[in-house]
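K.L.:
So that we are looking at the same thing, I have put the structure below in structure tokens.
All of the numbers you see were taken from the coordinates with simple rules; none came from a lab. All values reported here derive from a predicted model rather than from experimental measurement. Quick reminder, even Gly has a Cβ in these numbers, built from the backbone with ideal geometry, and neighbours come from all protein chains shown.
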């Protein structure tokens, strides 16, 4: 029995065809990852497109109006877009929503004209459009539909006939990009769009809406391809953000992004803008952008570390920590330690600790911004994505975090570890350091060195428990005003302390809770008291190593380093600006020493 033609479509048609296309992308994300070699051979196009369409599925509902449903899809796409291809895909639907006018229903001719106009929005979103990508395939598809707008009236027939054009355009991507021709692959983003339309056509042919709406959409895959090739990466960080109420026009934003890197894509408009760029300077970029809009969310992937995980692993055990671990970047890079940034907010602006805001920028804002910053824990999904990637390539994962008494980050890590251990059949061991900053850094460093030396896993796990107990941190606070602003010290106590010029010394107890261990009336006296306490510990048990830290106070750090060298006979393993997440309470001018006993 022949199916009746479809001469008019409304929002429900758009919703269900989108659902069908999204399902097809989700089912094929592993294959898209496998063939991803452009613009960066990082094997994540499938995951990014899957994350984008999954966020849309989870965030929209059908409406009878075509324009209303297109608007729902566009908004959800801008919020959930991931990766270069995901942002371009989102921009296509944003263009669709803009060009649909105010239509409850559309004829095929109106639809074809709208699709044709939507393509220009995609090209405008990309700083340097490259043919042989998703852009080309969508453009060829739109040209075909537009060319048949007068001879075709049935939507279903038009979609089915367009498949040949899509397949031809996809194959031709091999000839348009040298890297694709060399590796005999089609473009992954382009194939993602073709798969999307294939899903739509399957629904058209089956008309099985019942199965579509009752079937649980596939999850974003947690399996990562081994097929990636090691390569030199010009720009380290794949950087994305959602910006609200942008006051700069789109060409100016494009110009700004191109000063910071490549693969720049901008989707949306002033009210809601999604940006994507590969850069080595994400913190500088967002420091500049903050004056032109509200940065409501950010995502930064370290492509160097991702590449090392796949092709340049030094050892078979992965090591993870969070951004409160204060070690030099050189040590983190040498030992290939994955660092998950804590979330940090100044008012409505969102940052990632140490990644999209540097200590210098942070302390400047801390001094001059009227809003006191707030932190939030790393969510479970972030750890799930990371652990799945690591478990795909390593035999085991060890993850060590700041005190569970101070943040819910540890709990998020533990939940994700349990899931990934069960899914991959590989151990993911999570430790509560019961500490933070340099003490956490020393625990992580000693663990890394043990992994380097091939210490058996059972011995390593036992040793980590011991190293946690042997690590201590002593923070000399210059002023209590930041603790008062953050609510950690009451206003009256802060006033009295300021009047008496009291300088507290803060540490953590055996359970990882903050503990006041002394106070003096000057920072130099504070330093003497800290060194005295460390000397007493050192007399009973030798110091294995130490880290000196400061909150925008390098001269104070030098003083501490000199005194510690006299005591131990060695230089510190690191002298670093303390993590902004910790520095927000310790305040500008604070200094600290972290030690680990033998």
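K.L.:
Across every pair of different alpha-carbon atoms, what Kirkwood hydrodynamic radius in Å does the range 8-214 reach?
P.N.:
16.8
K.L.:
In what sequence, highest mean first, do 182-192, 25-35 appear when ranked by Cβ atoms within 10 angstrom? Don't jump to the answer; show the numbers that get you there.
P.N.:
Working: 182-192: 22.2, 25-35: 20.5.
Sorting 182-192, 25-35 by mean packing, highest first, produces 182-192, 25-35.
K.L.:
Given a Förster radius of 30 Å and the C-beta distance between residue 291 and residue 232 as r, what FRET efficiency does 1/(1 + (r/R0)^6) yield to the nearest 0.05?
P.N.:
In this case the efficiency is close to 0.35.
K.L.:
If you take the alpha carbon radius of gyration of the chain and divide it by 2.2 N^0.38 Å, what ratio comes out, to two decimals?
P.N.:
Dividing the Cα radius of gyration by 2.2 N^0.38 Å gives 1.09.
K.L.:
Also, quick follow-up: What ranking do 171-178, 295-302 get when scored by the average of other Cβ atoms within 10 Å per residue, highest first?
P.N.:
Per-residue mean Cβ counts within 10 Å order the peptides as 295-302, 171-178.
K.L.:
Label-point separation (nm) for residue 525 and residue 459, each offset 7 Å from Cα along Cα-to-Cβ?
P.N.:
Using points 7 Å along Cα→Cβ, the separation is 4.9 nm.
K.L.:
Can I ask one more? Report, to the nearest 10°, how far helix 188-206 tilts away from the longest principal axis of the Cα atoms in the chain, using its own Cα long axis and a range of 0 to 90°.
P.N.:
Approximately 50 degrees, to the nearest 10.
K.L.:
Between residue 208 and residue 131, 0.36 nm times their residue separation minus their Cα-Cα distance comes to what?
P.N.:
Extra length available between residue 208 and residue 131 comes to 24.1 nm.
K.L.:
Here is a further query. In nanometres, what is the gap between the two model label sites at residue 3 and residue 58, each 7 Å from Cα along Cα-to-Cβ?
P.N.:
3.0
K.L.:
Using R₀ = 51 Å, calculate the FRET efficiency as 1/(1 + (r/R₀)^6) where r is the Cβ-Cβ separation of residue 269 and residue 452; round to 0.05.
P.N.:
Calculated transfer efficiency: 0.50.
K.L.:
Size of the range 374-445 along its principal axes in angstrom, Cα-based, largest extent first?
P.N.:
32, 26, 14
K.L.:
What is the calculated FRET efficiency for residue 249 to residue 104, with r their C-beta to C-beta distance and R₀ = 45 Å, to the nearest 0.05? The partial results should precede the final answer.
P.N.:
Numbers: r = 32 Å, r/R0 = 0.71.
About 0.90, to the nearest 0.05.
K.L.:
Still on this structure, please answer the following. Run the quick spin-label model on residue 405 and residue 367: label points 7 Å from Cα toward the beta carbon, then report their separation in nm to one decimal.
P.N.:
3.3
K.L.:
While we're looking at this one, here's another question. Rounded to the nearest Å, what's the spacing between the alpha carbon centres of the range 385-407 and the range 451-465? Just the number, please.
P.N.:
If we compute the Cα centre of each part, the gap is 16 Å.
K.L.:
So if each residue of separation counts as 0.36 nm, and I subtract the Cα-Cα distance between residue 565 and residue 259, what length gain in nm does that give?
P.N.:
105.9 nm
K.L.:
Give the angle, between 0 and 90 degrees and rounded to the nearest 10, that separates the Cα long axis of helix 457-469 from the longest principal axis of the Cα atoms of the chain.
P.N.:
On a 0 to 90 degree scale, this one is about 50.
K.L.:
Using packing as a proxy for protection, rank 456-469, 69-82, 345-358 so that the peptide with the highest average count of other Cβ atoms within 10 Å comes first.
P.N.:
Numbers: 456-469: 13.8, 69-82: 23.9, 345-358: 21.2.
Final packing ranking: 69-82, 345-358, 456-469.
K.L.:
Take the alpha carbon atoms of the range 254-327, find their center, do the same for the range 11-69, and report the distance between the two centers in whole angstrom.
P.N.:
With the range 254-327 and the range 11-69 each reduced to a Cα centre, they are spaced 22 Å.
K.L.:
Measure nothing but the geometry: give the 0 to 90° angle between the long axis through the Cα atoms of 409-424 and the longest principal axis through the Cα atoms of the chain, rounded to 10°.
P.N.:
The angle comes out near 50 degrees.
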